[in-house]
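Derivation of every value follows stated rules applied to the coordinates shown; laboratory data play no part. Being a predicted model, the structure only gives us computed values, none of them experimental. Neighbour counts run over all protein chains shown; Cβ positions are idealised from the backbone, glycine included.
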């Protein structure tokens, strides 16, 4: 059942499938856990989703997916019995995040609705029960394994069981932290940006120019330049700047804001349409020009910070907390993470400027301040700290203890959860379709049925 546990904390694809051209000819109930049913279409849709995500299905995929689905239902039953707390707001937030993911996948809200054959509102309603089950299952799993810890001796026992030719091979990796400053533009540069936006607003409102065309020509937001400044947003989004988001939902359809400031620069924003907590907006971003004098002030600031680091007046973490302007790394001691969330990065994951900065550094050293541009082309400066650097190697406990310990702990949690299922299954009403009774994965579930007989 270990495949189940990985599934529980990752995809839940059978709970979040949207309508697709592949459909089962006839639907039927293939399993029951307590008062929870699992349909044949649940399994088919889950497998179709896995194929679309590029996963290679094993020969026993149907059996595995059914086992996973039954595991979720059992966790949900126990979560309800234990009255684990869950709010409608939590469920709504997760559904909104999923809808945004689908919109990103299909390119637009309209294309998502076309593919699904339903409106976004209908999709949200369809998802509600599934996402509530997902959240309850996660809460119950966490309750079962929350107190599980692992000792160094257990980590070593886990490691020693791995065949030496099956140990991971790692490329050279680095752990890097940074202190970032974004030089402040002069008041004159800020006023010029505001005047530009006021002129754009006047031209658009007078009908001389269209918002989308002006945005395509002048906005400095690379994420919306090709779409004429367009964004499809939700009021409850946690990813958007709160000032910007609040402005969007104070507008009437067709209305344009006066220029306003966020941490990205100055904007004007127009509400195209709104349906409840969803809206379509357009905006134009102008970033005030940074001069050489502005940059020099940033360099002087970082030179002072670096001097304090070298003399030991400040630790790097303290300096990050006190001086860094980068929200993405400010609260984790400045650590730079990859897309997978790991702090261990290979050279090909770094931007060319970072590679150059690290070239002459040894572990424990701080770089000189250097200029860079972030993903929004905003100019900044940073000091980089090379925390660790590994050479290409096969996994070992000396260099990779944390990674091995993480896997060992997860295996221990899975074993505890498997024992929990073995104990709980006989207490549930279980029914399995004849087609699946010969699946090896159904053995534990059928033992529960036999006990009751």
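Figures for the structure shown
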quantity: Gained length - residue 249 relative to residue 167, 0.36 nm times residue gap less alpha-carbon distance; calculated: 24.2 nm
quantity: Approximate spin-label separation residue 55-residue 365, in nm, with each point projected 7 Å along Cα-to-Cβ; calculated: 4.6
quantity: Reference-scaled alpha-carbon Rg (2.2 N^0.38 Å with N residues) for segment 187-286; calculated: 1.00
quantity: Ranked 285, 251, 64, 75, criterion: other C-beta atoms within 10 Å, fewest first; calculated: 251, 64, 285, 75
quantity: Separation of the residue 150 and residue 195 label points, Cα + 7 Å toward Cβ, nm; calculated: 6.3
quantity: Estimated FRET transfer efficiency (residue 418, residue 210; beta-carbon r; R0 51 Å; 0.05); calculated: 0.25
quantity: Sites residue 406 and residue 203, calculated FRET efficiency, Cβ-Cβ separation with R0 60 Å, nearest 0.05; calculated: 0.60
quantity: Value of [θ]222 nm, deg cm²/dmol, for the chain, DSSP H segments ≥ 4, -39500 (n - 2.57) each, nearest 500; calculated: -15500 deg cm²/dmol
quantity: Whole-angstrom gap from segment 352-382 to segment 129-184, using each part's C-alpha centre; calculated: 28
quantity: Taking 427, 391, 219 and counting other C-beta atoms within 10 Å, the order from fewest to most; calculated: 391, 427, 219
quantity: Inter-probe distance in nm under a simple model that places probes 7 Å from Cα toward Cβ, at residue 304 and residue 437; calculated: 7.9
quantity: Segment 41-68-segment 297-326 distance, computed between alpha-carbon centres (Å); calculated: 51
quantity: Fewest-first sequence of 404, 65 by Cβ atoms within 10 Å of each Cβ; calculated: 404, 65
quantity: Per-pair calculated FRET efficiency, R0 = 56 Å: residue 35 and residue 322 via Cβ, rounded to 0.05; calculated: 0.50
quantity: Difference of contour (0.36 nm per residue) and Cα-Cα distance, residue 262 to residue 353; calculated: 30.1 nm
quantity: Globularity ratio of the chain, using Cα Rg and 2.2 N^0.38 Å; calculated: 1.20
